[in-house]
Amino acid sequence: MVATVDTIVEDPARVEEFVKHVQSGGKVESGDWMPEEYRKQVLRFVEMHANSELMGVLPEREWINKAPTLKRKLALTAKVQDEVGHAELLYRVAEDLGKTREAMLQDLLDGKTKFHNVFHYPTYSWADVAIIAWLVDAAAIQSQKALLDSSYAPYARTMQKICWEESFHIKHGYDMVVTMMNGTQQQKDMIQEALNRWWVPLVHFHGPPTLAEKDRDLYYRIKAKPNFVLRQEFFSKYIPKILELGLTIPDPELRFDTEANEWRYSDPDWNELKLVVTGHGPKTEDRLNLRRMAYADTQWVRDVVLGRAA
Amino acid sequence: MIDATNTDTRALQTLLTALADDEFILGYRNSEWTGIAPMLEEDVAFSSMSQDEIGHARIMYQMLSELTGVSADRIAYARRPEEYLNCQLVEHRRLDWAHAIARYFLYDTADHVRVEALTRSQYAPLANAMQKIVREEKYHLMHGDIWIKRLAHFSPESRERLIAALESLWPDALGMFEPLPGEEALVASGVLEAPMSELQAEWLEQIAPYFEILDLPFPAKKDERTGRYVPTVEPVYGGRQGKHTAELAELWDEMTSVYRLDPEAVW
Amino acid sequence: MPVFEVFQQAREGKAFEHGGNVVAPDADMAILYAREFYGRRQEARRIWVVPRECIVEINDPDLLHPPAVDRSYRTVGGYSVRDTLRATRGAVAGSAQPD
């Protein structure tokens, strides 16, 4: 079931038939013929997703050590474990499209490929852990639901597994936030302070408002919904929940426009998003460095597993 | 069967604390590989084993809670470093992969002897817990077995790293069987079926053939008179008395940092 | 490294379903990792781990969904007894003799 890579010159009729097939809900398996653009597009999409799951571990891992109760420690360990596991599943899907895991990890470490904005930011307190586990995961799940029916079937199936496995992540995050908002003043202040810092990255999360017509991922039905729809869905679901806890959202412009039936908000700095995802976030270098060092230090172990003599 | 009222509760508490702290601190160290293990697959595997360990620690902290009325979380987080009774083997900071595998192997095989013996403890809650725990260990032993063999056989370099790691860890591994304060009472009442020194001899007996097959140095000799294995290196004791290295203090500082913000808060 | 496909049986007696795959240098490690990725949440009673190269795929629609010949004779839906049954019942009722 090795992915076949076609020659550069593709029969336009065959490509058209393929596009019709995916646009009407048809599926593609790893061994099927596919236009080169499709293969590249899916690979890029899945690779970024895999990178994000992997880099998402780093903001949280130091807090496993500091988790203040046995249950929180276990839950956070399990959640982060799931994320590493998801990275593995996604790299597997991408690998079957023709790029080795080694090459993908190397490109990530060399700063050549991207990962989600939120994982470039620092975490300062246990409240960050709670906010991330609740709202960042919620934003991610919104995106993920739109991938359950992806035209690329191995990816769709992996997304189904991922969505099932992540069902406890949000609950666990929400439990942490609610507990702290019901706790001491110090805890409440910590959560509000964390939300103040995480709000703009959350607004950025679903990406800039790309024109649906220009979105190749939509064109090939790799994903089912455009960015701005996902953002609105996220807002509708979670803003009421945030406000009912007594938290303030740090955007004075934020309101629901009933006439237009959409949330209005301050336009976040899309340049900041661009800078961050191209590797200039506050913690980007630190985190990549940690992985680079660990990767280099453990090369000998991979050689043992792969059967490569030193 | 023994219940909490007619056994030497102090000695029992010491035993439970030592068992719990071993697992808790080892679980902490193993979770330090999260996000940076040599392969994603091992990242996930170490994380599972770490959760098992913390889960086992939790079971024992809960047993202690029933005996003392202090909550399990408080027992886990509110003590000072000198009140932890883990062996020093588990508190050493994360080094390289060979060190991690060697430590795991020594710990898991030794712990297996201990857990197995405790499935027959006359203290029912402990026996019941251990009967469940012994089954979860299968995965750990399987994992350790695969990796020790791979490192021992693959190349002179991997072998050398493994041997160096084992050599550095043997004295601490023997520290797992440091005699527990009050263990005579536990043996007399059947809470512990044999003193730690005997469990150690059993452990060395069990793993000796393994080291022979893998052609790895084994720092113990069979005593001709008793027929039991005796170590040829000095054990590192102290953990069971609350004596630890600076590494535990460092670990404790990080581990309890959020807890200490407000020990009365609910997290 | 070879790919191993993983099949899970969720509950005793149920069919094995394809869950995904793992990469590993040999069967021993494949088992370890299959358990991690497809069994650590206690979501399977049994797991099959199969080297991908052992799997042979049939995907030709001419073999699996041949279009020309009417094969409804092999399906439940290919039979409609309703009208005939109604007529038969009617005939039986009509010829029934009172005791």
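Measure nothing but the geometry: give the 0 to 90° angle between the long axis through the Cα atoms of C:27-39 and the longest principal axis through the Cα atoms of chain C, rounded to 10°.
For C:27-39 against chain C, the angle is about 60 degrees.
Before rounding to the nearest 500, sum -39500 (n - 2.57) across all DSSP H runs of length at least 4 in the protein assembly as shown and divide by the residue total; then give [θ] at 222 nm in deg cm²/dmol.
Dividing the helical sum by the residues of the protein assembly as shown leaves -18500 deg cm²/dmol.
What list of ³J(HN,Hα) values in whole Hz, one per residue of the stretch B:113-129 in order, does the Karplus curve 6.51 cos²θ - 1.76 cosθ + 1.60 (θ = phi - 60°) give from phi, with Gly and Pro shown as x?
5, 5, 4, 4, 5, 6, 5, 9, 4, 6, 8, 3, x, 5, 4, 4, 4
Evaluate the relative contact order of chain B (contact order divided by residue number), counting alpha-carbon pairs under 8 angstrom at least 6 apart; express in whole percent.
Answer for chain B is 24 percent.
Please give the helix A:153-165 orientation as an angle from the longest Cα principal axis of chain A, in degrees from 0 to 90, rounded to the nearest 10.
The answer is roughly 20 degrees.
Which lysines does A:LYS71 reach when only Cα atoms under 29 Å apart count, and residues fewer than 8 places away in its own chain are ignored?
The reachable lysines, counting only those whose Cα sits under 29 Å from A:LYS71, are A:LYS79, A:LYS145, A:LYS161, A:LYS171, A:LYS188, A:LYS237, A:LYS241, A:LYS283, B:LYS132, B:LYS138, B:LYS243.
Pop the C-beta distance of C:GLU57 and A:ASP257 into the FRET formula with R0 = 56 Å and round what comes out to the nearest 0.05.
In this case the efficiency is close to 0.60.
Placing unit charges on C-beta atoms (Lys and Arg positive, Asp and Glu negative, everything else neutral), compute the dipole magnitude of the stretch B:85-129 about its Cα centre in debye, rounded to 20.
So the magnitude is around 60 debye.
Could you state the accessible area per residue of the stretch B:172-267 in Å², with a 1.4 Å probe and every protein chain left in place?
In whole numbers, the stretch B:172-267 has 50 Å² accessible per residue.
Using a 1.4 angstrom probe on protein heavy atoms only, which residues from the stretch A:263-300 are buried by at least 20 Å² of accessible area when all chains are present rather than their own chain alone?
A:ARG291, A:ALA294, A:THR298, A:TRP300
Nothing charged except the Cβ atoms of Lys and Arg (+1) and of Asp and Glu (-1): what's the magnitude of the dipole of the stretch A:117-168 about its Cα centre? Round to the nearest 20 debye.
The dipole magnitude comes to about 160 debye.
List residues of the stretch A:7-31, by number, whose backbone nitrogen lies under 16 Å from a label position 7 Å along Cα→C-beta of C:HIS65.
A:18, A:20-29
Hey, what do the phi angles of the stretch A:145-151 turn into as Karplus ³J(HN,Hα) couplings, whole Hz, using 6.51/-1.76/1.60 and θ = phi - 60°, x for Gly and Pro?
4, 6, 10, 4, 10, 3, 5
What's the center-to-center distance, using Cα atoms, between the stretch B:129-157 and the stretch B:188-206 in Å?
One Cα centre to the other: 22 Å.
Top mean-square fluctuation among A:TRP63, A:TRP134, A:TRP300, Gaussian network model of chain A, C-alpha springs under 10 Å?
Greatest mean-square fluctuation among the candidates belongs to A:TRP300.
In Å², what does the accessible area per residue of the stretch B:50-171 work out to with a 1.4 Å probe?
Here the per-residue accessible area is 38 Å².
Suppose every K and R has +1 on its Cβ and every D and E has -1 on its Cβ; what is the size of the dipole of the stretch B:1-106 about the Cα centre, in Debye to the nearest 20?
Using Cβ point charges on Lys, Arg, Asp and Glu, the stretch B:1-106 gives about 280 debye.
Leaving ligands, DNA and RNA out of it, report the carbon-plus-sulfur percent of the accessible area of the protein assembly as shown at a 1.4 Å probe.
53 percent
Rounded to the nearest 0.05, what FRET efficiency is calculated for B:GLU254 and A:GLU17 with R0 set to 51 Å and r the Cβ-Cβ distance?
So the FRET efficiency works out to roughly 0.30.
For the A and B pair, go ahead and give the buried accessible area with a 1.4 Å probe, both sides summed, in Å² to 100.
Summing both sides, the interface buries roughly 4100 Å².
Mind pulling the angle between the C-alpha long axis of helix A:227-244 and the longest principal axis of chain A? Nearest 10 degrees, somewhere in 0 to 90.
Between helix and principal axis, roughly 20 degrees.
Just going by the charge dipole of the protein assembly as shown, with Lys and Arg at +1 and Asp and Glu at -1 on Cβ, which of B:PRO81, B:ALA127, B:VAL115 is farthest out on the positive end?
It is B:ALA127.
Starting from the amide H of C:ARG46, placed 1.01 Å from N in the peptide plane, find each other amide H under 5 Å away whose residue is 5 or more places distant or on another chain.
So C:ARG46 has HN proximity to C:GLN9.
Can you find, among B:TRP267, B:ALA188, B:MET39, the residue farthest towards the positive end of the dipole of chain B? Put +1 on the C-beta of Lys and Arg, -1 on that of Asp and Glu.
In chain B, that residue is B:ALA188.
Efficiency by 1/(1 + (r/R0)^6): what FRET value for A:LEU245 and C:TYR79, r their Cβ-Cβ distance, R0 = 56 Å, to the nearest 0.05?
0.35
So what does A:ASP215 come to for accessible area, using a 1.4 Å probe and Å² rounded to 10?
Per-residue accessible area (A:ASP215): approximately 10 Å².
Given a 1.4 angstrom probe, what's the average accessible area per residue across the stretch A:1-143, in square angstrom?
The answer is 33 Å² per residue.
I'd like the accessible area for C:THR75: 1.4 Å probe, protein heavy atoms, all chains in place, Å² to the nearest 10.
60 Å²
If exposed means no more than 12 neighbouring beta carbons inside 10 Å and the site is in a DSSP loop, what's the longest run of chain A without any exposed trypsin sites (Lys or Arg not before Pro)?
Formally, the longest exposed-site-free interval is A:113-307.
The values are calculated or read from the model by the stated rules, or taken from the named source; none is laboratory data. Computed from a prediction, not measured in an experiment: that's the story for all the values here. A quick note on method: Cβ atoms are made from the backbone with ideal geometry, for glycine too, and the neighbour counts reach across all protein chains shown. Each accessible area value is taken on the protein alone, full model and side chains, heavy atoms only, with ligands, DNA and RNA left out. Shrake-Rupley method; radii C 1.70, N 1.55, O 1.52, S 1.80 Å.
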